[in-house]
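Presented below is the structure to which this report refers.
Every read-out reported here was derived from the displayed coordinates using simple, explicitly stated rules and does not represent laboratory data. Bear in mind that the values here come from a model prediction, so they are computed numbers and not experimental data. No Cβ is skipped: glycine too gets one built from the backbone with ideal geometry, and neighbour counts run over all protein chains shown.
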Amino acid sequence: MDATRWRGLVALVRDAVEHGSRAVEKVQLEAAGRPFGILEQIPAVAEPTRVVHVIHDATVSGVHGIVRAVARAVGTTVDVALRVAEHTSNEHDRES
Amino acid sequence: MGKKLELALGILNGTIGDYLAETRNGLATPMQLVVDGAPVALDQASLERAFPHASSRVVVLAHGLMCTESVWDLPGGGDYGAFLERDFGFTPLYLRYNSGLAIPDNGAELARLLEALLGVWPVALEEILLLGFSMGGLVVRAACHQASVAGMRWLSLVRRAFYVGTPHLGAPYERVGRVLAKLASAVPDPFARLAAQIGDLRSDGIKDLGDADLRHEDRARRRVGSLRDPEHPVPLLPAIQHYIVAGALSTDPRLAMVFGDALVPMGSGTNGLRAEPGTLALPPRHVKIFAGTAHMTLAHDPHVYEQLREWCEEEG
């Protein structure tokens, strides 16, 4: 497989993680929002529920944010490595 | 490895090829002619090297959705292109393309490729025979339509077009998928909506198969709730002799009508055959149904080639 395709594969995996993570994050926040919403209607537990809800949402978004950031970092690293490998290979071809 | 990799990329392109092209991803397959698995540049020197015995008559073979040119390979060796060269002197030109792109886009690209070929083919071209399998047949039709509108020169060299397993009136499985995606997106549940979003990732090429859309404007007639074959707005060009090969899993005529070759129902595969007689858009001798033959088999079946050969002999 040539370097263009390898780069394409890396970009595709990065896109899949990015879009997949955003979609799953949205579903998780929405699904959890329902029971939290009900509990927040009950005066006795409304206030602590709101606090837990905020912590929950921040944790979910934080974890997904880290997943996306790692995917981007790995993608960029592999991309740079591919460019270096390609450059080295071209230099080698020119010399021989 | 090479063939398997290309096949894997063919499947990937068929599934999300429109996204790959849109994001300029290196995995997107450009439309190209291939010889022994390798792409050939569209210039005279490259073509002379790749086709040392180039003939004035060529056959263009367009594969189907999620395929590559390897779909034509017969189990015992050879393929329709090689046989047409052996029997009639046609130089086979195997097309490889991103089957996830919209059918009109692939049609436009094929029309441009053939127009360019006229100027660089090693000898003066006298005849272009078109052979499309499944979606490839619709790409061929879209190319002919666009060449006709644009007055391209290559179209005057096309006397015959063969369609093998082509869903001329669309593919009902895609229309069912469209309905299911719409239903899932209407359910007030985040998981159902996620499922609908995942389903909607399928490529433009797949979506165009639902109603056999040959032009971008044809999509306006898509009706989500309808599972019936649509009335096709782009007729077969009258200046060309059209020949159709359709498959049928069952030998029972009623079952064959409904299930066709497992992917393409009989009405769509024959461009209009209904249970009532006399409903074909083409002369009956231009349509051949192979009972007991599944969709993918149609692309590499010795009996199908025998039929293509007969048609070539008839028309000289």
Report summary line: Taking placed amide H atoms and a strict 5 Å upper bound, the residues 5 or more places from residue B:35 or on another chain that come that close are B:40
Report summary line: Candidate cut points under trypsin sites (Lys or Arg not before Pro) in the stretch B:1-46, DSSP loop plus at most 12 other Cβ atoms within 10 Å of their own Cβ, are B:24
Report summary line: Scalar couplings 3J(HN,Hα) for the stretch B:175-181 by Karplus 6.51 cos²θ - 1.76 cosθ + 1.60 (θ = phi - 60°), nearest whole Hz, x for Gly and Pro, are 5, 5, x, 4, 5, 5, 5
Requested in this report: Could you work out the local net charge near residue B:28, counting Lys and Arg as +1, Asp and Glu as -1, over the other residues with Cβ closer than 15 Å to its Cβ?
Outcome: -4
Query - Placed amide H near residue B:290: partners under 5 Å, 5+ positions off or other chain - result: B:246, B:247, B:248
**Report entry** Cα-based helix-to-principal-axis angle, A:43-95 vs chain A, degrees rounded to 10
**Finding:** 0
Query raised in the report: How big is the gap, in Å, between the Cα center of the stretch B:121-147 and the Cα center of the stretch A:1-77?
Result: 47
Query raised in the report: What size of dipole, in debye to the nearest 20, comes out for chain B about its Cα centre when the only charges are +1 on Lys and Arg C-beta atoms and -1 on Asp and Glu C-beta atoms?
Result: 720
Report task. Loop sites only, by DSSP: take the GluC sites (Glu not before Pro) in chain B that have at most 11 other C-beta atoms within 10 Å and name the longest stretch containing none of them. Result -> B:1-125
Query raised in the report: Reachable lysines from residue B:182, Cα under 19 Å, same-chain residues fewer than 8 places away excluded?
Result: B:207
